[in-house]
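The values are calculated or read from the model by the stated rules, or taken from the named source; none is laboratory data. Because the structure is predicted, anything quoted here is derived from the model rather than measured. Cβ coordinates were reconstructed from backbone atoms using ideal geometry, including for glycine residues, and neighbour counts include every protein chain displayed. Keep in mind that these areas ignore ligands, DNA and RNA; they rest on the heavy atoms of the full protein, side chains included. Shrake-Rupley method; radii C 1.70, N 1.55, O 1.52, S 1.80 Å.
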Amino acid sequence: MTSEPEQQIGVGAPDQFQRLWTPHRMAYIQGENKPSGPGAEDGCPFCTIPEKSDADGLIIARGEYVYAVLNLYPYNGGHLMTVPFRHIADYTELDDAETLELAEFTKHAMTVLRRVSGAHGFNVGMNQGSVAGAGIAAHLHQHVVPRWGGDTNFMPVVGHTRVLPQLLADTRAMLAEAW
């Protein structure tokens, strides 16, 4: 049994597509939470997040030199980042202790994500500089994106939309507990 598509006023000519609205993405597109300049004092979110409670900042774990935090605009459920507390832009600026702890946090993040969500694989990496795709180029951060077989379905390809199965606060609590 098929139903007639619901007329949605203001979306152009009626077609057979339903709409999945993701207005929260507009904040990212318009640059919300992006720093006004390259300095830590220019509103760098990676510098202000550690000043918040773990729940409010979506922080999963804190180390001596780095912390793990959920991505506010995730590619997949469980998408997190490992971030040095120190405001630096380039991987080569990390000292030995920061490099070691960033690597250890990344490895641990993968272990936890496998255990709690059954991730089949990962995209791990960092974009160095705005020309390389870094949204916040002034503060180094490494992405850990869990992947599952079949997670690249029609939604991101055709609909340019991500479907996330869990609220960020719930994901943070689950990962923090397992950390």
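For the range 69-113, what are the residues that are touching a Phe, Trp or Tyr at 6+ places or on another chain (Cβ under 9 Å) and among the hydroxyl-bearing types (Ser, Thr, Tyr)?
Matches in the range 69-113: Tyr73, Thr82, Thr99.
Return a yes/no flag: does the range 104-114 have any residue that is open to solvent by 40 Å² or more (accessible area, probe 1.4 Å), modelled with pLDDT under 95 and assigned to a helix (DSSP H, G or I).
The answer is no, given that none of the residues of the range 104-114 is open to solvent by 40 Å² or more (accessible area, probe 1.4 Å), modelled with pLDDT under 95 and assigned to a helix (DSSP H, G or I).
Residue-wise test of (1) surrounded by 15 or more Cβ atoms within 10 Å (Cβ to Cβ); (2) in contact with a Lys or Arg (Cβ under 9 Å, 6 or more places away or on another chain); (3) modelled with pLDDT of 95 or more.
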position: Pro14; (1), (2), (3): no, no, no
position: Arg19; (1), (2), (3): no, no, no
position: Gln30; (1), (2), (3): no, no, no
position: Glu64; (1), (2), (3): no, no, yes
position: Asn71; (1), (2), (3): yes, no, no
position: Met81; (1), (2), (3): yes, no, yes
position: Phe85; (1), (2), (3): yes, yes, yes
position: Leu94; (1), (2), (3): yes, yes, yes
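List the strands (runs of 3 or more DSSP E) that sit entirely inside the range 37-85 and contain at least 3 residues that are over 23 Å from Ala103 (Cα atoms) and within 10 Å of the chain's Cα centre (by Cα).
none
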